[in-house]
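Q: Here it is, the structure in full.
The values are calculated or read from the model by the stated rules, or taken from the named source; none is laboratory data. Everything numeric here is computed off the predicted structure, so don't read it as measured data. Reconstructed Cβ throughout: ideal geometry from the backbone, glycine too, with neighbour counts over all protein chains shown. The accessibility values were calculated without ligands, DNA or RNA, using every heavy atom of the protein model including side chains. Shrake-Rupley method; radii C 1.70, N 1.55, O 1.52, S 1.80 Å.
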Amino acid sequence: MTEDSPYEIHDPRFRRLIHPSARLERIATGFRWAEGPVWFPAMGCLLFSDIPENRMMRWTEDGQLGLFRAPADFANGNTRDRQGRLVTCHHGTRSVVRTEHDGTRTILADRFAGQRLNSPNDVVVRSDGSIWFTDPTYGIMSDYEGHAAPREQAANRVYRIDPASGEVAAVSEDFVQPNGLAFSPAEDILYVAESGSSHDPAVPAVIRAYPVAGDRLGPGRDFATIDSGLPDGFRLDRSGNLWSSAADGVHVFSPEGVLLGKIRTPETVANLTFGGRRGHRLFIAATTSVYAVYVEAAGAV
Ligand code: MG
């Protein structure tokens, strides 16, 4: 990294994933905790959450920034399903909600085993229509990112919503605070971030990898450890490299879990996504701002 370059090269393979001359741009600012960026190609726009401000924003490629939804039930993670619909995790209503093409909203999950969820954090949709999400307690710990409330679940789990029945099933209880999650390009591995070190430094800042076996997960293994802060949200590129949030920027890992390099940012990163006209622009939600940088890689989905 030099004064004007945001790149830290840890492995020569990283050079093929970036454009060394491309610079980090701050495309929007003024947020309290930017999270959950998702790109909608048909509309050429980025949606993202500003959790403590209880709003969702929309940024378009001509540089326009506007409100998408406010109040937003303390929206956190967002994704797009294969039909192009927005799927959002809400702390406020402790639910996972799909916005239909006509603008109406469908609650996909707000309970497990008869009890309310904690506060769904991040969500991903598999090509078979199943919806996988994490349920840590950040949104019920205080009134800052939701509504303070007692927990009803005995564990902070990862869940799967069945596409046919809509049933919510627990797929992992391995985490203190499960957070970001994403599939490998072949969807045979589910990666899940452990962010429990936010409140307990003894918890390792790891991303775990699980083989996907139908509607279940096989035994997990530690895939990578974040050496600056903790992993929150992340995405995979088409070659299976994992691009993770961290305190000092975006960390990029090979499919084998080798740290290839970092894109340093001035603010702590919460989440990121690939987008732009040709899918090669990385959008980074980092505390008070959203940054963008053109890269050679493109998103897996
Ligand atoms: Mg998160």
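Q: Excluding R105 itself, what net charge comes from residues whose Cβ is under 14 Å from its Cβ, given Lys and Arg +1 and Asp and Glu -1?
A: Computed value for this residue: -2.
Q: A further question on this structure: Suppose R0 equals 22 Å. What FRET efficiency, 1/(1 + (r/R0)^6) with r the Cβ-Cβ distance, do F40 and R238 give to the nearest 0.05?
A: According to the calculation, E is roughly 0.70.
Q: Continuing with this model, one more query. Once the Cα atoms of the chain are picked out, what are the Rg and Dmax in Å?
A: Gyration radius and largest Cα-Cα distance of the chain: 17.6, 54 Å.
Q: Rounded to a whole number, what % of the accessible area of the chain do carbon and sulfur atoms account for, probe 1.4 Å?
A: Roughly 48 percent of what the probe reaches on the chain is carbon or sulfur.
Q: Treat every Asp and Glu Cβ in segment 212-301 as -1 and every Lys and Arg Cβ as +1, leave all other atoms uncharged, and give the resulting dipole magnitude about the Cα centre to the nearest 20 debye. Intermediate values should be presented prior to the final figure.
A: On the way: 9 positive and 9 negative charges, 73 e Å.
Here segment 212-301 has a charge dipole of around 360 debye.
Q: Give me the 1.4 Å probe accessible area per residue for the chain, excluding ligands and nucleic acids, in Å².
A: Solvent-accessible surface per residue comes out at 40 Å².
Q: Distance between Cα centroids, segment 106-144 to segment 245-301: provide it in whole Å.
A: If you average the Cα positions of each part, the centres end up 24 Å apart.
Q: Starting from the 7 Å offset along Cα-to-Cβ, what nm value, one decimal, do you get for the label separation of H19 and T60?
A: Going by the 7 Å Cα→Cβ label model, 2.4 nm.
Q: Would you work out which of G63, F133, Q177 lies farthest towards the positive end of the dipole of the chain, given +1 charges on the beta-carbon of Lys and Arg and -1 on that of Asp and Glu, about the Cα centre?
A: Farthest towards the positive end: G63.
Q: Sum up the charges of everything whose Cβ sits under 14 Å from the Cβ of S21, counting Lys and Arg as +1 and Asp and Glu as -1, but leave S21 out.
A: Once all neighbours under 14 Å are counted, the net charge is -1.
Q: Run the numbers on segment 35-237 and let me know its relative contact order in percent, using alpha-carbon pairs under 8 Å that are six or more apart.
A: Over segment 35-237, the number comes to 12 percent.
Q: A follow-up question, please. Report the local net charge at A164: Lys and Arg +1, Asp and Glu -1, summed over other residues whose C-beta lies under 11 Å from its C-beta.
A: -4
Q: For segment 129-264, what D do you get in µm² per second when you plug the Kirkwood radius from alpha-carbon pairs into Stokes-Einstein at 25 °C and 0.890 mPa s?
A: It comes out at roughly 158 µm²/s.
Q: Something else now. Charges only on Cβ, +1 for Lys and Arg, -1 for Asp and Glu: so what's the dipole of the chain about the Cα centre, in debye to the nearest 20?
A: Rounded to the nearest 20 debye, it is 600 debye.
Q: Ranked highest first by the average count of other Cβ atoms within 10 Å around their residues, in what order do 53-64, 101-112, 241-252 fall?
A: Numbers: 53-64: 16.2, 101-112: 12.9, 241-252: 24.8.
Per-residue Cβ counts within 10 Å, averaged per peptide and sorted highest first, yield 241-252, 53-64, 101-112.
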